[in-house]
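Before anything else, here's the structure in question.
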Amino acid sequence: MTQPIFLQPIFQERIWGGTALKDQFGYPIPSNHTGECWAISAHPNGPSIVKNGPFKGKTLIQLWGEHPELFGNPKDKVFPLLTKILDANTDLSVQVHPNDQYAAKYENGELGKTECWYIIDCKEGAELIYGHHSSSKEELVSMIENGEWNEFLRRVPVKPGDFFYVPSGTIHALCEGTLVLETQQSSDTTYRVYDYDRVDQQGKKRELHLQKAIDVSTVPHRDAELHILTEKRPGVVVNSFVKEQYFSVYKWDVNGTAEFVQEQPFLLVSIIDGNGEINVDGETNPLNKGDHFILPTDTGSFTMEGKFTAIVSHI
């Protein structure tokens, strides 16, 4: 049996970032404009590093390439998922992501980007942009070209504990005052539609990608249907948020002692609140808020104990 593989996050500074990653998780962020914690990443723009065990010091990219047996001997050339925590201290740009086919053709073989959000925390009255109000591609183009943002963009109120599934082609943006755990395909391709005419430290506006955005946007917008299922077991409440083509995502609220069996090629686990411990084959590891780890294929049966919340995903 292989023990949990704990990972060292990578931090990304962003124009819209803040200090919540330090304030809420105690992370050693590089500046007061840190927007993203790439928590479980094998993307070349920020690969995680193993913190423990025989693979300590290796990147997740290396682990995927050199030890496929840990992940069920996958066919995928690249690690398929990316787990992030995002601190939207101010509004993110309004954006849209391509699907696999479009990204492969126009983004040097990069994966497309379907993603989902779990709202860890947000300010009172927070909202996000999820979709648009245009009924045809022609109307979408017209509203973008004429800057009719208030009429075009669809705003949705949010509260802690909300979950959103965001397929590729969905126009979207996190807004000011939200802290989010994001599970996504392992892609760093974003097409900006609107950036509030902001300028960077050099006084330049960030690049927009209007033609590509128009190409890939789903029209009309369709809300993703969620069928959230809740299962209560001894020591744990499991919420099943989404089971889709690219990932399945769950929330585990552990309170006491809970038994699990790892039946997937691999599980990605992020502790977003509380603390406890995990026991695999008689060996115990502490779990604290802000920890991220992978449970490999042959983990088998394991026990979790304590009072904490985890977001869990698999392909």
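Where a number appears in this text, it was derived from the coordinates with a stated rule and is not lab data. Note that this is a predicted model, so its numbers are computed, not measured. Backbone-built Cβ (ideal geometry, glycine too); neighbour counts: all protein chains shown.
Taking the Cα centre as origin and putting +1 on Lys and Arg beta-carbons and -1 on Asp and Glu beta-carbons, what dipole magnitude results for the chain, to the nearest 20 debye?
280
Taking the Cβ of residue 178 as the center, what net charge do the other residues with Cβ under 9 Å away carry, scoring Lys and Arg +1 and Asp and Glu -1?
Numbers: positive: 123; negative: 87, 121, 127, 176.
Here the charged neighbours net out to -3.
Rank 290, 310, 226 by how far each Cα sits towards the positive end of the charge dipole of the chain (+1 on Lys, Arg Cβ; -1 on Asp, Glu Cβ) and give me just the farthest.
Working it through, the farthest residue towards the positive pole turns out to be 290.
Another question, if that's okay. Suppose each label sits 7 Å from its Cα in the direction of the beta carbon; what would the residue 277-residue 224 distance come out to in nanometres?
Calculated label separation equals 3.7 nm.
Any idea what the relative contact order of the chain is, in percent, if you count C-alpha pairs under 8 Å spaced at least 6 apart?
Values: 810 pairs, mean separation 60.8, N = 315.
Normalised by residue count, the contact order of the chain is 19 percent.
Could I ask something else about it? With r defined as the distance between the Cβ atoms of residue 51 and residue 146 and R0 fixed at 41 Å, what FRET efficiency is calculated, to the nearest 0.05?
Working: r = 51 Å, r/R0 = 1.24.
So the FRET efficiency works out to roughly 0.20.
I would also like to ask the following. Looking at the chain as a GNM with Cα springs under 10 Å, which of 285, 52, 146 has the largest mean-square fluctuation?
For the chain, modelled as a Gaussian network with Cα springs under 10 Å, the answer is 146.
When Lys and Arg each count +1 and Asp and Glu each count -1, what net charge do the other residues less than 12 Å away from residue 126, Cβ to Cβ, add up to? Walk me through the numbers on the way to the answer.
Working: positive: 123, 155, 159; negative: 91, 121, 124, 127, 162, 176.
Taking every other residue near residue 126 into account, the sum is -3.
I would also like to ask the following. Arrange the peptides 173-185, 74-86, 296-308 so that the one whose residues have, on average, the most other Cβ atoms within 10 Å appears first.
On the way: 173-185: 23.2, 74-86: 19.5, 296-308: 17.7.
Packing order, densest peptide first, comes out as 173-185, 74-86, 296-308.
Label residue 133 and residue 198 with points 7 Å out from Cα along Cα→Cβ: what is the distance between them in nm?
Using points 7 Å along Cα→Cβ, the separation is 2.4 nm.
Please list, by residue number, everything in region 282-315 whose backbone N is under 13 Å from a paramagnetic label point 7 Å out along Cα→Cβ of residue 67.
294-299, by backbone N distance to the label point.
Longer than 18 Å from Cα to Cα, which of 84/205; 105/243; 123/243; 105/212 are they? Say none if no pair is. Spell out each step's value before the answer.
On the way: 84/205 25 Å; 105/243 27 Å; 123/243 29 Å; 105/212 12 Å.
The pairs that break the limit, which is 18 Å between Cα atoms, are 84/205; 105/243; 123/243.
To make sure I understand, if each residue's beta carbon is the centre and we count other beta carbons within 10 Å, what order do 312, 193 fall in, fewest to most?
With the sparsest Cβ surroundings first, the list reads 312, 193.
Follow-up question, since we're still on this one. Please give the net charge around residue 44, taking every other residue with its beta carbon less than 11 angstrom from that of residue 44, where Lys and Arg add +1 and Asp and Glu add -1.
Working: positive: none; negative: 110, 188.
Here the charged neighbours net out to -2.
For the chain, take the alpha-carbon Rg, divide it by the Kirkwood Rh, and send me Rg/Rh. Walk me through the intermediate numbers first.
Details: Rg = 19.6 Å, Rh = 20.3 Å.
Rg/Rh: 0.97.
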